[in-house]
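Novice: Before anything else, here's the structure in question.
Every read-out reported here was derived from the displayed coordinates using simple, explicitly stated rules and does not represent laboratory data. Note that this is a predicted model, so its numbers are computed, not measured. Cβ sites come from the backbone with ideal geometry, for glycine too, and all protein chains shown count toward neighbours.
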């Protein structure tokens, strides 16, 4: 259940007890926006972002803030259930090898442009989409870096699952940067009543319409990106395992803004590192590569604008993790559990389990937001 801060223009509702100072300041900046509606909702995985805290939910009536969506527009997760209940470690290693050969990770792209069917239909008047379209054809079906992953898991339902976390690659980043700079320029020429990194477009302007259209394109691109990677993962399974079948595809973005109706009002709900959790809606909340993930069902809690966390959330910065964590200590428990993990050296420590919050505590904070349907234990992971 949430606790409430009432010192700002509108309340801040938090689904956690301890929020880092930087994230709290950002939440207060949101709460003091002249157009922020009702309250700000902060999810239990929250930590400091750029402009808006990760795990933040903001409602507005007529304004869109590019930085309240973020640079990886449409970033999210998808899951798929297999009909297998067990998988030999030798088969798992073969599958992971095929995935590494067919899904570029980090800064790598495909050497050839992918079939155009994987590209959403584009409006020729969208300037950044038009500019980035051809290069994006080499990026669709690629993982990227940071906290993006492909993970094979064992579910509490007895099935082997696949989960993928990735976003809109360079096209989303370019759209975000372009419109954030444009919003800053416009806001500086106006009253300057909002912080620079929360610059916005008002409904009725061409810029509002253009950003919404390009953002929605990137959300579709990010979905197709995950779908193509999932196709490559399915092929890897089929090459190694006989009679494998797949079902139960779930897709959920967590960096987006959308028109939704709450409290009888049509609102723009900005979710930055937060997942929509309407009543009965299935979603995913992953932990770290050393902890469990969850398939969840939303409760439609109006206090969070029908949202929940998008993961465990960071407990330390990437730089701090590399400076303070120990490779042997971080890999020991994963190796004891037989997880094929992705921590090989000091440079991988930014994605080590110790850099993330305890996922069980995060889940305990949001029992009024979601119900756990299936618990997923990691078996093997590929990181960007």
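Novice: Using a Gaussian network for the chain with springs between C-alpha atoms less than 10 Å apart, which of these wobbles most: 38, 130, 154?
Specialist: Highest fluctuation of the listed residues: 130.
Novice: Same structure, new question: Measure nothing fancy, just the Cα-based angle from helix 89-102's long axis to the longest principal axis of the chain, in degrees from 0 to 90, nearest 10.
Specialist: Result, in degrees: 50.
Novice: Sort 274-286, 233-245, 250-262 by the packing proxy (mean of other Cβ within 10 Å over each peptide's residues), most packed first.
Specialist: 274-286, 250-262, 233-245
Novice: Sticking with this one: Rank by packing, highest mean first: peptides 167-175, 322-330, 297-305, with packing defined as the count of other Cβ atoms within 10 Å averaged across residues.
Specialist: 167-175, 297-305, 322-330
Novice: Please order 226, 9, 318 by the number of other Cβ within 10 Å, starting at the fewest.
Specialist: Lowest count first: 9, 318, 226.
Novice: What Kirkwood Rh does the stretch 231-384 have if only Cα atoms enter the pairwise 1/r average? Answer in Å.
Specialist: 17.4 Å
Novice: Right, another one. Find the centroid of the Cα atoms in the stretch 1-63 and in the stretch 108-129, then give the distance between the two in whole Å.
Specialist: Taking the Cα centre of each part, the stretch 1-63 and the stretch 108-129 sit 35 Å apart.
Novice: Using a/c under 1.5 as the rounded threshold, could you call the stretch 184-276 rounded, prolate or oblate? The axes a ≥ b ≥ c are square roots of the C-alpha gyration tensor eigenvalues, and prolate needs a/b larger than b/c, oblate otherwise.
Specialist: prolate
Novice: Treating the stretch 332-375 as a set of equal point scatterers at the Cα positions, no solvent, please give the Debye-formula log₁₀ I(q)/I(0) at q = 0.24, 0.31, 0.32 Å⁻¹.
Specialist: At q = 0.24, 0.31, 0.32 Å⁻¹ the computed log10 ratios are -0.92, -1.10, -1.13.
Novice: Next up: Using r as the Cβ-Cβ distance of residue 123 and residue 249, and R0 as 25 Å, what FRET efficiency do you calculate, to the nearest 0.05?
Specialist: 0.40
Novice: Quick one: what do you get for the stretch 1-84 if you divide its Cα Rg by 2.2 N^0.38 Å?
Specialist: Taking N as the residue count of the stretch 1-84, the ratio is 1.24.
Novice: Let me ask something additional. What is the antiparallel percent of DSSP beta bridges lying wholly in the chain, to the nearest 5?
Specialist: The antiparallel proportion sits near 95 percent.
Novice: Which three numbers, in whole Å and largest first, are the semi-axes of the equivalent ellipsoid of the chain derived from its Cα gyration tensor as √(5λ)?
Specialist: 33, 25, 19
Novice: While we're on this one: Specify the angular offset, from 0 to 90 degrees and rounded to the nearest 10, of the alpha carbon long axis of helix 327-336 from the longest principal axis of the alpha carbons in the chain.
Specialist: 60 degrees
Novice: How would you classify the stretch 284-350 from its alpha-carbon gyration tensor, with a ≥ b ≥ c the square roots of the eigenvalues: rounded for a/c under 1.5, else prolate if a/b is greater than b/c, otherwise oblate?
Specialist: oblate
Novice: Also, quick follow-up: Rg/Rh for the stretch 126-182: what does it come to with C-alpha atoms and Rh from Kirkwood?
Specialist: Reported Rg/Rh, Kirkwood definition of Rh: 1.17.
Novice: Also, quick follow-up: Could you please rank 91, 115, placing first whichever residue has the fewest other Cβ atoms within 10 Å of its Cβ?
Specialist: Result, fewest neighbours first: 115, 91.
Novice: If you find the alpha carbon centre of the stretch 321-384 and of the stretch 133-173, how far apart are they in angstrom?
Specialist: If we compute the Cα centre of each part, the gap is 17 Å.
Novice: With no solvent and one point on each alpha carbon, what is the Debye value of log10 I(q)/I(0) for the stretch 49-133 at q = 0.18, 0.20 Å⁻¹?
Specialist: -1.14, -1.19
Novice: Further question on the same structure: Is the shape of the stretch 1-142 rounded, prolate or oblate, going by the alpha carbon gyration tensor and its root eigenvalues a ≥ b ≥ c, with a/c under 1.5 for rounded and a/b larger than b/c for prolate?
Specialist: Judged from the Cα gyration tensor, the stretch 1-142 comes out oblate (a/c at least 1.5, b/c at or above a/b).
Novice: Ok, one more. Per residue, how big is the convex hull of the stretch 128-264 when only Cα atoms are used? Give it in Å³.
Specialist: Spread over its residues, the Cα hull of the stretch 128-264 gives 169 Å³ apiece.
Novice: Oh, and also: Using a simple spin-label model with points 7 Å from Cα along the Cα→Cβ vector, what separation in nm is obtained for residue 188 and residue 261?
Specialist: With each label point 7 Å from Cα toward Cβ, the separation is 4.2 nm.
Novice: Sort 272, 94 by Cβ crowding within 10 Å, fewest neighbours at the top.
Specialist: Taking fewest neighbouring Cβ atoms as first place, the list is 94, 272.
Novice: Also, quick follow-up: With axes computed from alpha carbons, what is the tilt in degrees of helix 21-31 against the longest principal axis of the chain, rounded to the nearest 10 within 0 to 90?
Specialist: Here the helix axis deviates by roughly 50 degrees.
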